[in-house]
Each structure stands twice: as structure tokens, then as C-alpha cells.
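Bear in mind these aren't lab numbers, they're just calculated from the coordinates by the rules spelled out. Bear in mind the structure is a predicted one, so any value in this text is a computation, not a measurement. Cβ sites come from the backbone with ideal geometry, for glycine too, and all protein chains shown count toward neighbours.
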Amino acid sequence: MNIKKILIANRGEISLRIIRTAREMGIKTVAVYSEADRAALHVRAADEAVCLGPAPSLQSYLLADKIIAVATQLRVDAIHPGYGFLSENAAFARKVQEAGMIFVGPSPESIEIMGNKVAARQAAARYQIPMVPGTEEAITDIKLAKKKASEIGYPILIKASAGGGGKGMRIVEREEEFEPQMQRAVSEAESAFGDGSVFIEKYLTSPRHIEIQILGDQFGNYIHLFERECSIQRRHQKVIEEAPSAIITEEKRQAMGEAAIKVAKACNYYSAGTVEFIMDEHLDFYFLEMNTRLQVEHPVTEMVTGKDLVREQIHIGEGKPLSFAQEDLKVKGHAIEVRVYAEDPSNNFLPATGRLNTYRRPQGPGVRVDDGFEEGMEIPIHYDPLIGKLITYHETRQEAINRMIRAIDEFQITGVETTLGFCKFVMQHPAFREGRFDTKFIGRYFSPEHLETQFKPEELEMLAAMGVYLYEQSKPRKGVSEPMASAGSNWKNRLK
Ligand code: ADP
Ligand code: ADP
Ligand code: MG
């Protein structure tokens, strides 16, 4: 079936992002919005727009039945859920299908399995996917859990089965802390996710977060679109992502791609999905979870593969077979994304709302901005404080980083605090530039006074060259990929 009209059950940058592809495909679009988003860009961009209700998500963007009723009334063929909100709600996906429409995403059954981290681990275990040591079942008996925790070895992580968005995790350093932390974890999980079940994982102290984008059609064909590195995180949530990863070898990429496809097969997955792994210092990788939706950071994959992931999702939803094969895909160039959040990096990245008094986007070669706001607009307090995403693309990692610094300098935002200055700090940091970092980057290197430091280009080159020198002095570890070394010598040559 060909989709002629689609409703986007979301808001902000991702709603606009989906509308754009639909337009290109000749599909009519319906936006939904809350009273706080009346003037939003996604409302203006769509062919039709319907107000769902007051600002709070529970009275607007989470009203599954109302959204389906609107779609039915407007004779919509398909609903795209974006990310967040109803995107990983199996009951919603099922209701959309029962109302005779296409849910642009995987089957309700796949969402059910992968939406529960314990069920996901069990499914992946059947395919011999390497996994972080932990419990196979949700914990019910605290004595047994404690015994298991000391077998695994501290520090351990108590995780909510239904957790997401970096929420519902507690690190336990010592046995004495186990019981109180466990009680807190259960009650938090109950109130945040309506499901108190938790499980234990070994807590890796300096991992990298590396994930694989996959696509599957409804005929059992699968491909992977390589990796994204998402190790720069605050509160276990990503702020900066890139593709490819600076440390992945071609061999490792293939192994991870194959593992990701096995995870997808384990739940008969179709549509676009992401299999997340953590990687230790030996470059060994372990399955974390699968996200059954379009990911915030999907643009970096689009830039290096030349594919439009939303277009592929729509094709798959229409019941078409994958339009390309694994052999047709190649990583070309390097892409980086920084998330521009209305948050104050000098105050623990707490959400900072307000009005965009000035808002001027960067332009020029290799720059993409996916956002949902314009000058003069308020950032509502009711939702995720993401203003938009800034993505740069270039031939090499170093060039993409330098282009990002240029684009951040061009991006003018006043009226609200944002993560832009912090992201510039990361782009300038020798450890990031050399590709030597993990999920602890912010804790290890960042403090608010760094936001004052603004390097001149020549100083930056000096710093980078110094970093490369130090790096070359220390014997490179096994598995560190060639591109890093060659990018390094480029910098040296430029100083000659
Ligand atoms: P990504 O994995 O795409 O990087 P994030 O972790 O940044 O996604 O989450 C994307 C959005 O989805 C955020 O608004 C986040 O709060 C929301 N989200 C993700 N998982 C859940 C969940 N289980 N419950 C509630 N919100 C979630
Ligand atoms: P969410 O559903 O909230 O995205 P994830 O399981 O994907 O939860 O974990 C989010 C982040 O938390 C990871 O990217 C990583 O930084 C950290 N994390 C998760 N599990 C572990 C672990 N076992 N050891 C160390 N860090 C972890
Ligand atoms: Mg995750």
C-alpha cells in the first residue's frame, strides 16, 4: 500500500524532520500540537494541523486514542511516532494497526520485547550476543540479588527494566549500599515507568557507547548502517554523537554489525532500529539494549551513508522490500552532531527555559541544522529541552571537528542558556580530538570555568599538534584504527 497521507504524533525538530521527507515523497502531512506549541514550526510546515489539548504531555502528545481518532477522521494512512512520547508504546502501535493504519515502526511484539530490558537481554542471549554480566531475570529476592551482585563484583548498576532516556539507573559501589539503593531503584522505577522491576548489571567504569543502526523489511531481510559513537554523555544521556567512531576497525565494525542484526532477528524486527553496545578498553563490546524507533542522532548516519532513514522507514511501513543491499553501503566521510539543548552547562546541565531573543542558524558547506524553533519563540518547560541539532560533515574527522567549531561560532542564540559553548569546549579538547575518551569525559575534563576559554585557531593547531605528539610517544594500543594516525600526521604536516 502506498502512503498518501501521514500523521506525525510528535513535536519539535523530529516532527519537522519527518514532514520534510514526507514532502519530498509527495505524501500529505498532518501535524498535532499542544496549546504551548500553537506557533511551532512543525505546525506551520504541515498541510494540516490539529490541536490535541493543553501543554502537559499527558493532556496532549500522549493521548493515544485522541491521536488515532484525529487520524481516522482526517483519513490518514499512516502514523509516524518520532522518538520519545508514544514511539515505544506497544499498545499504541497495536491500536494504530487495529484502526486500519500503518504504524511507521516495528511490530507491537518487537516493541514489547525490546522495551523491556530484561526481556531484551533474554532474547539476545539466545543468539549468543556478548552481554554485560548481570542477572537474567528481574530481581525479586533481595538476598539472592545481593549474592549475585557479589559474584559479579562491585561496582554494579541497578537498572529499571522499563527505563529509558538515561533514567532509572543506580550505581552501587559497595555491598553495604546495596539494600537501600535497591529499594530506591524500585520505587523510582515504579513512579517513573509504572513498572518496578529492576535487574543488575556489572558497572563498567570507563566504557564507550557505540551503537549500530539497522534496517529490516517485513520479508526478513536485514542490513546494518554501521556505527555511531555516543560516548559524550551527561546523566547517562548523549550530547554529542559521531559516525564513524574514531576507534573502530573495519573488522570490529563488521562483527558489531552482524551482532546487531542477530539482535534484530531475535525479535523479528522490521523498520529502522538501533542496537546499543558498550565497549571496554580492549574494544570488546557488550549488548546494552535496542531502541525500537528513529534515534535522535540518526542524521550522522544519514550523512556518512547518503541514505534518508525516514524514507526507508516509510518504504518498509508500506510493505516494500529493502531498496539496497549491504554491499551497496559504504561509510563516506565523517559526521558529528551536537545537541543544542536549552540547558545550563555551568549549572549541572539543568534545563534553562526562556525566550530565543536572538536565534541565527549557521550556514555554509557541510552544515545541517535540524531544529524546531525560530527567533522570538519560547522554549516550553513541559517537554525535553532540545532546541535542535547541529550536524557537520567533512571528509575526515579532524575537518568535521573544525567545521563544527566554525558552525558553533556562527550559531547565535541569546535569551536562553544552551549547550553550544560546552560542545565547543569538547571540540577543542585534545582527548576528544585524538579520539581518546569514554562516557566519563564530562566528569573527568569539564568544569564550568572552561566555558570562558576561547582558543584562537593558531593556538588550537598548537594544542592539537602537542596532543598528537604525546599520543605518538605513547605506544598506540592494539586495535586503534589507521585513520586516527593519518589524521594525526596531517596536523603535523600543517605546522611544517
Ligand atoms: P536516543 O537514544 O535517541 O539518543 P534519548 O535517550 O536522547 O534518545 O531519548 C530521546 C527522547 O526520548 C528523550 O526525550 C527521552 O526523554 C525520551 N525517552 C526515551 N526513552 C524513554 C522512556 N522509556 N520513557 C520516557 N521517555 C523516554
Ligand atoms: P537508556 O535506556 O536510559 O538509554 P542504556 O542501558 O542504554 O539506558 O544506558 C544508557 C547509558 O548508561 C549508556 O550509554 C552508558 O553510558 C551508561 N551505562 C548503561 N549500562 C552501563 C553499564 N553496565 N556500565 C557502565 N555504564 C553503563
Ligand atoms: Mg540507551
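Mean shadow of the chain, computed from the convex hull of its alpha carbons, in nm²?
On the way: hull surface 91.1 nm².
Its Cα hull, projected and averaged over all orientations, spans 22.8 nm².
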Next on the checklist: Run the reach check for residue 330 against lysines, Cα to Cα strictly under 16 Å, same-chain hits fewer than 8 apart removed. What comes back?
Outcome noted: 252, 307
Item to check | Residue order, fewest to most surrounding Cβ atoms within 10 angstrom, among 80, 394, 42, 236 | outcome: 236, 394, 42, 80
Next on the checklist: As a footprinting exposure proxy, order 439, 414, 140 by other Cβ within 10 Å, with the fewest listed first.
Outcome noted: 140, 414, 439
Item to check | Distance from region 228-287 to region 121-193 (C-alpha centre basis), Å | outcome: 21
Next on the checklist: Can you tell me which lysines have their Cα less than 20 Å from the Cα of residue 238? Leave out same-chain residues fewer than eight positions away.
Outcome noted: 117, 159, 167, 389, 424, 440
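Summing -39500 (n - 2.57) over the DSSP H runs of n ≥ 4 in the chain and dividing by its residue number, what mean residue ellipticity at 222 nm do you reach, to the nearest 500 deg cm²/dmol? Please report the intermediate quantities before stating the final value.
Details: 17 runs with 178 residues, N = 496.
Per the formula, -10500 deg cm²/dmol.
Over all pairs of distinct alpha carbons, what does the Kirkwood formula give as the hydrodynamic radius of region 208-451, in Å? Provide the component values of the computation, followed by the final result.
On the way: mean 1/r = 0.0538 Å⁻¹.
Computed over region 208-451, the radius equals 18.6 Å.
Please compute the net charge surrounding residue 104, taking Lys and Arg as +1 and Asp and Glu as -1 over other residues with Cβ under 12 Å from its Cβ.
Working: positive: 293, 311; negative: 77, 312, 318.
Here the charged neighbours net out to -1.
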Item to check | Ranking of 72, 418 by count of other Cβ atoms within 10 Å, fewest first | outcome: 72, 418
Next on the checklist: Distance between the C-alpha centers of region 100-119 and region 361-389? Whole Å please.
Outcome noted: 29
Checklist outcome for this item: With the 8 Å Cα cutoff and a minimum separation of six or more residues, region 208-451 has a relative contact order in percent of 20
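For the chain, what is the relative contact order in percent, using Cα pairs closer than 8 Å and at least 6 residues apart in sequence? Write down the numbers at each step before the final one.
Numbers: 1013 pairs, mean separation 66.3, N = 496.
Computed value for the chain: 13 percent relative contact order.
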Checklist outcome for this item: Taking placed amide H atoms and a strict 5 Å upper bound, the residues 5 or more places from residue 163 or on another chain that come that close are 117
Checklist entry - If you average 1/r over all unlike Cα pairs in region 133-202 and invert the result, what Kirkwood radius do you get in angstrom? => result 11.6
Checklist entry - Once you wrap a convex hull around the alpha carbon atoms of region 57-211, what is its projected area averaged over all directions, in nm²? => result 10.6
Checklist entry - What net charge is computed for the residues neighbouring residue 181, neighbours being all others with C-beta under 13 Å from the C-beta of residue 181, Lys and Arg scored +1, Asp and Glu -1? => result -1
Next on the checklist: Run the reach check for residue 202 against aspartates and glutamates, Cα to Cα strictly under 14 Å, same-chain hits fewer than 8 apart removed. What comes back?
Outcome noted: 136, 151, 173, 175, 280
